[in-house]
Amino acid sequence: MDSERRRIAVVVANCTFGLALLLGPRTVNSRLQINDIAARARKLHFSSIVVDTHADTTQRFIDGDFDLAARDPKGSVDIPRLKEGGVDAIFFSIWVPSKVKGPVAVNRATQQIEAVRDQVRKHAEAITLATTAAEVRAIRRQNKIAVLLGVEGGHMINSDLDVLRKYSTLGVRYMTLTHSGNAEWADSSTDKPAHDGLSAFGKNVIREMNRLGMMVDVSHVSDKTFRDVLAISKAPVFASHSNCRALCDHPRNMTDAMIRELAAKGGVIQINFHVGFLSQEFRSAERANPKINQAIAIEVHQRCGDKEGCQLIEGDRITREYVEQGKLPRVDWSTIIDHIDHAVEVAGIDHVGIGSDFDGANMPFGMEDATQLPKITEALLRKGYSEGDVKKILGENTLRLMDDVQRVSRELNVAK
């Protein structure tokens, strides 16, 4: 038996030696390194604090037929999948279409805030509401997921600073100044300019957000609004879900100059996963044939009626079907890494994070839901990022920003 084992060992050794001669030692070593990186990446991802600064799952709470605690075959976010993807903190977006104005917008926003808080109450064993970076860290130590709130569109304050203060009291920690249409006091990147950036009232909104310790979110805003914000804000600002215009020429994305200016102020650009902001090829195809999006919208309404949560989910599903039919180009999840890499090159490693836009946008293939997020960690390691730098992108940069905004708030309130 011993001689037989030795014979097998010799054969295996000879085969290994022959493979090394055939492939070369670098190839054999590279395969070992690939396996080592995969193991390192998994360990790193689940030991890091992973923060996603934008998800539209809130609309599903309003629809009334979705429970965050149950693994769901549709959409991208629920508690089981957040855990599987190693997500430690997630900002749920409070969103009302730009065309909805006045008290109606305020009421709908308040209902959504309460819907998120209700999910937290229902599932207190797994999730906890957070408003500061310190709370995020404490919640993680309890092996729970931190839930945070962001209002996506300044039209939801109805030009009333008392409404802004109310949202802050309810736990909202950032406000996106505009959505796809202008607010009454700020210009959007995808609407005709009406205020030359920020109006006088809009500048007061920024000052009050600084005092309240709310992060100012420049995603969706026009380039002029962006620069007005940087001129007014005492605190660093961020883009909760935006990409690089150098890679995809969409007005929603940020130019290299804007990214540098954001970083110089201490801000963070959180990379968005929406295919129309990631891929120039996809954007060009949409623009070349507007009837495609019109057809998708009609089909979405047929499936969902007026349920906005359903509309967001089905829009992603139908778009994916169009890609599989060859009507739109396929976008791979690796394009996310391209935007992260470019933003790091422009802004520096301390100024880039993740804002997925899960449940509110069209996801690239391979990044269908929160369970796929560990791929980003592994891809960054393979590109040569250090473990410390990966931790910054996954969440530490966002937590630092939150701390900085709170510090400025304390200073302003003391001065007052």
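At-a-glance table
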item	result
Residue in region 273-296 that is among the aliphatic types (A, V, I, L, M), open to solvent by 40 Å² or more (accessible area, probe 1.4 Å) and closer than 26 Å to residue 177 by Cα present	no
Any helices (runs of 4 or more DSSP H) falling wholly within region 262-304 and containing at least 1 residues that are closer than 12 Å to residue 243 by Cα and modelled with pLDDT of 95 or more	275-278, 280-288
Long-range neighbours under 7 Å by Cβ, at least six apart or interchain, first residue in a helix (DSSP H, G or I) within region 151-178, second among the small types (Gly, Ala, Ser)	154/183; 154/186; 155/98; 155/105; 155/183; 156/105; 156/109
Residue match in region 227-234 (condition: over 24 Å from residue 278 (Cβ atoms) and open to solvent by less than 10 Å² (accessible area, probe 1.4 Å))	yes
Which listed residue, of 104, 77, 116, 100, is in contact (Cβ under 8 Å) with a residue 24 or more places away in the chain and not in a loop (DSSP other than H, G, I, E, B)	116
Single unsatisfied condition, residue 125 versus (1) open to solvent by less than 30 Å² (accessible area, probe 1.4 Å); (2) not in a helix (DSSP H, G or I)	(1)
Hits in region 196-226 (condition: small (Gly, Ala, Ser), in contact with a strand residue (DSSP E or B) (Cβ under 7 Å, 6 or more places away or on another chain) and open to solvent by less than 10 Å² (accessible area, probe 1.4 Å))	202, 219
Failed condition for residue 181, given (1) outside any loop (DSSP other than H, G, I, E, B); (2) open to solvent by less than 20 Å² (accessible area, probe 1.4 Å)	(1)
Hits in region 401-416 (condition: open to solvent by 70 Å² or more (accessible area, probe 1.4 Å) and assigned to a helix (DSSP H, G or I))	403, 407, 410, 411, 414, 415
Test set (1) within 19 Å of the chain's Cα centre (by Cα); (2) surrounded by fewer than 18 Cβ atoms within 10 Å (Cβ to Cβ) - residue 133 fails condition number	(2)
Odd one out for residue 267 among (1) free of Cβ contacts under 8 Å to residues at least 12 places away in the same chain; (2) open to solvent by less than 10 Å² (accessible area, probe 1.4 Å)	(1)
Neighbours by Cβ (under 8 Å, 6+ apart or cross-chain): first from region 28-50, assigned to a loop (DSSP other than H, G, I, E, B); second exposed (fewer than 11 other Cβ atoms within 10 Å of the Cβ) and modelled with pLDDT under 95	none
Checking residue 91 against (1) more than 20 Å from the chain's Cα centre (by Cα); (2) within 25 Å of residue 215 (Cα to Cα), the condition it does not meet	(1)
Test: residue in region 308-320 that is within 20 Å of residue 361 (Cβ to Cβ), in contact with an Asp or Glu (Cβ under 6 Å, 6 or more places away or on another chain), modelled with pLDDT of 95 or more and among the polar types (S, T, N, Q)	no
Test: residue 337 is outside any loop (DSSP other than H, G, I, E, B), without any contact (Cβ under 8 Å) to a residue 60 or more places away in the chain and under 14 Å from residue 277 (Cα atoms)	yes
Residue satisfying all of: in region 341-390; assigned to a loop (DSSP other than H, G, I, E, B) and without any contact (Cβ under 8 Å) to a residue 60 or more places away in the chain; surrounded by the fewest Cβ atoms within 10 Å (Cβ to Cβ) among these	384
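Here is a yes/no grid of residues against (1) more than 23 Å from the chain's Cα centre (by Cα); (2) part of a helix (DSSP H, G or I); (3) of a type in the set (Gly, Ala, Ser):
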| residue | (1), (2), (3) |
| --- | --- |
| 193 | yes, no, no |
| 196 | yes, no, no |
| 206 | no, yes, no |
| 216 | no, no, no |
| 219 | no, no, yes |
| 227 | no, yes, no |
| 230 | no, yes, no |
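The values are calculated or read from the model by the stated rules, or taken from the named source; none is laboratory data. Computed from a prediction, not measured in an experiment: that's the story for all the values here. Neighbour counts run over all protein chains shown; Cβ positions are idealised from the backbone, glycine included. Surface accessibility is based on the protein's heavy atoms, side chains included, excluding ligands, DNA and RNA. Shrake-Rupley method; radii C 1.70, N 1.55, O 1.52, S 1.80 Å.
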